[in-house]
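Structure, as structure tokens:
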Amino acid sequence: MTCFKITSLNFIVLLFLMVCIQKSLASENYEVLTFSRSACFGSCPTYSVDFYSDGLMVFKGKEYTSFIGIKRIQLNPELFISLKTTFKEATSKPIDYFGCKSFATDHPTVTITLLESGKYSAAEHNYGCTGYEGEKRLLQLVEKVQKMLPINEWIKKKTSQ
């Protein structure tokens, strides 16, 4: 039986390759917008969508969606630009996430992240958190992005798993 032994030389080579890959992605203006919806204690649709600047969209249906698994489709890169613009406009002013006037457990969280020029920006909303200052703006962003993504047929709630 042969085992792979990690030596300091192997580790240095692996680290070098990781840095090269990271620099390569950053130098190519690698951009991705991710929209994800988390689980709840009930039957909430759980999925994520990665939309890349070249138009590639990767949908990952996890639970309680009409499609479970991974779908990849190529879309017009202009849609990515529209999504990015929508996200940046909605998050141009800070959103106060910590002022919940009411909080209930067992609700899903929607997270939207943008990787641009090697930097992440994020907006997140837990549906159990209500009454905070930026809530309306954040809910409008979530609704707008979800409508722009061609995923409605895949995220319809599946009644049983």
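The values are calculated or read from the model by the stated rules, or taken from the named source; none is laboratory data. All of these numbers come straight from a predicted model, not from anything done at the bench. Counting neighbours? That spans all protein chains shown, and the Cβs are built from the backbone with ideal geometry, glycine included. Please note that ligands, DNA and RNA were not included when accessible areas were found on the heavy atoms of the full protein model with its side chains. Shrake-Rupley method; radii C 1.70, N 1.55, O 1.52, S 1.80 Å.
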Mind listing whichever residues of region 40-51 are open to solvent by less than 50 Å² (accessible area, probe 1.4 Å) and in contact (Cβ under 8 Å) with a residue 24 or more places away in the chain?
CYS40, GLY42, SER43, CYS44, PRO45, THR46, TYR47, VAL49, PHE51
Return yes or no: is GLY55 within 17 Å of the chain's Cα centre (by Cα), open to solvent by 40 Å² or more (accessible area, probe 1.4 Å) and at positive phi?
no
Could you tell me how many of the residues in region 5-45 are modelled with pLDDT of 95 or more and either aliphatic (A, V, I, L, M) or farther than 19 Å from PHE87 by Cβ (or both)?
2
Residues that are of a type in the set (D, E, K, R) and modelled with pLDDT of 90 or more: does region 97-105 have at least one?
no
Just need a number here: residues in region 70-107 that are among the aliphatic types (A, V, I, L, M), touching a Gly at 6+ places or on another chain (Cβ under 6 Å) and surrounded by 12 or more Cβ atoms within 10 Å (Cβ to Cβ).
2
For region 123-131, check the following and say yes or no: at least one residue is of a type outside the set (Val, Ile, Thr) and out of contact with any strand residue (DSSP E or B) (no Cβ under 8 Å at 6 or more places or on another chain).
no
Give the residue that is farthest from GLY128 (Cα to Cα), with candidates limited to residues of region 58-69 that are of a type in the set (A, V, I, L, M, F, W, C) and surrounded by fewer than 16 Cβ atoms within 10 Å (Cβ to Cβ).
VAL58
